[in-house]
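Notes for the one structure printed next.
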Amino acid sequence: MANGHHSSHKLQQRMMISSYGSHCRTPGDIPILHNCFSQREDDPELPVEGLSPVSGGVVALGKFDALHIGHRELTIQASRIGTPYLLSFVGMAEVLGWEPRSPIVAKCDRKRVLTSWASYCGNRAPEEHEIEFASVRHLTPWQFVEKLSKELRVCGVVAGENYRFGYKASGDASELVRLCEEYGITAYIIKSVMDKKQGPGRRDSGDSKDRGQVSSTRVRQALAVGDMRYVTELLGRAHRLILKVRTQDMRSERMISVPRSSLLNLPPGNGIYEACLLIVGDASSIPCTLVVDTSNIHVETKEVRLCNLDWSQEFQLLSVEFD
């Protein structure tokens, strides 16, 4: 019981409210992250060779499928301590036997999104470091933190208050703080970014862990019903759909029709979406209308003849942004 009380007290001391402020609250309140940490003078110097890509940095921990405003807040807090990174785990669906599903953000588009966060993170765009989930699946909470310390050599971690880690999600935020303290890693736990929407169907995502916070599940549900304004609020940016299409499919005057298999990320539900923007390579944005049906994706422009664009390559990546 004494150990439990000590861990709870430590967690309370490390908690902060997701906020752009930098002042401390009264002792009875939860403090906001405000001061930087530095490596202790008696810490051994890190070797120059063989460093991990995140060595000496501060990693945000979580599942970063949507890269929504809650994930952005983690990187904001990480940037206040040091060099921010996202620590992502790949291959979870295959290892856990989940049914494959399209990502919310196309893999080729993630760097663009993270670069757009630089202005929130002291003009430093957070980078993403991926770890194969199979390599950490069976690690206990203690072994996972040991990996952060000895193999990845991070100086700090930032996680949400509902963060779970370790084999069968046996570790919680309180244990993360305690274990990180043992290894000399600075650990910060931040309050969840809450979904401000109070409308019907928006407070309950069907997830037992949902307490009204912004989540990737909510983004997927909003996309499924085609509520793109709500999607924009959750993401903090316009959703961008990426298509990889063959040049021969784009030689019509003002219409592109491609099968859904051309999509690299999750589209909205079936319907007609006007006031969209078509982006071809480095070309300027072209106003368009997107039609999503059961089998195909149709992109129609009104002002620009598509056949006049540069289609010199066999395949082309097209972006449709929901304005």
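The values are calculated or read from the model by the stated rules, or taken from the named source; none is laboratory data. Just so you know, these numbers come straight off a predicted model, no measurement behind them. Reconstructed Cβ throughout: ideal geometry from the backbone, glycine too, with neighbour counts over all protein chains shown. Side chains are part of the model used for accessible areas, which takes the heavy atoms of the whole protein and leaves out ligands, DNA and RNA. Shrake-Rupley method; radii C 1.70, N 1.55, O 1.52, S 1.80 Å.
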Subject >> Within the range 48-118: Cβ-based charge dipole about Cα centre, in debye rounded to nearest 20 (Lys, Arg +1; Asp, Glu -1) >> reply: 240
Original post:
Accessible area per residue of the range 78-211 at 1.4 Å probe, in Å²?
Top reply: 53
Subject >> Candidate lysines for bridging to Lys302, where Cα separation is under 29 Å - those fewer than 8 sequence places away on the same chain excluded >> reply: Lys244
Subject >> Inter-site label distance for Cys108 and Met194 at 7 Å from Cα along Cβ, in nm >> reply: 4.1
Subject >> Dipole of the range 88-203 [Lys/Arg +1, Asp/Glu -1 at C-beta], most positive-end residue of Leu96, His138, Asn123 >> reply: Asn123
Original post:
If the cut-off is a Cα-Cα distance under 26 Å, which lysines reach Lys150, setting aside same-chain residues fewer than 8 apart in sequence?
Top reply: Lys10, Lys63, Lys168
**OP:** Report the local net charge at Val320: Lys and Arg +1, Asp and Glu -1, summed over other residues whose C-beta lies under 13 Å from its C-beta.
**Re:** -3
Original post:
So what does Arg220 come to for accessible area, using a 1.4 Å probe and Å² rounded to 10?
Top reply: 40
Original post:
From the Cα gyration tensor of the range 52-188, with a ≥ b ≥ c the square roots of its eigenvalues, which class applies: rounded if a/c is under 1.5, or else prolate if a/b is larger than b/c, or else oblate?
Top reply: oblate
**OP:** Using R₀ = 30 Å, calculate the FRET efficiency as 1/(1 + (r/R₀)^6) where r is the Cβ-Cβ separation of Glu130 and Lys302; round to 0.05.
**Re:** 0.15
Original post:
How large is ³J(HN,Hα), in whole Hz, for each residue of the range 161-176 in order, when computed from phi with the Karplus curve 6.51 cos²θ - 1.76 cosθ + 1.60 and θ = phi - 60°, using x for Gly and Pro?
Top reply: 5, 9, 5, 10, 8, x, 4, 6, 6, 7, x, 10, 4, 4, 5, 4
**OP:** Give me the number: length gained by fully extending Glu94 to Phe315, i.e. 0.36 nm times residue separation minus the C-alpha to C-alpha distance, one decimal in nm.
**Re:** 76.7 nm
Original post:
Given charges of +1 on the Cβ of Lys and Arg and -1 on the Cβ of Asp and Glu, with all other atoms neutral, how large is the dipole of the range 108-186 about its Cα centre, in debye to the nearest 20?
Top reply: 180
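When the chain is fully extended, how far beyond the present Cα-Cα distance does Ser295 get from Lys147, taking 0.36 nm per residue of separation?
Once the chain is fully extended between Ser295 and Lys147, it gains 48.8 nm.
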Original post:
Dimensions of the range 62-141 along principal axes (Cα, Å, largest first)?
Top reply: 39, 29, 18
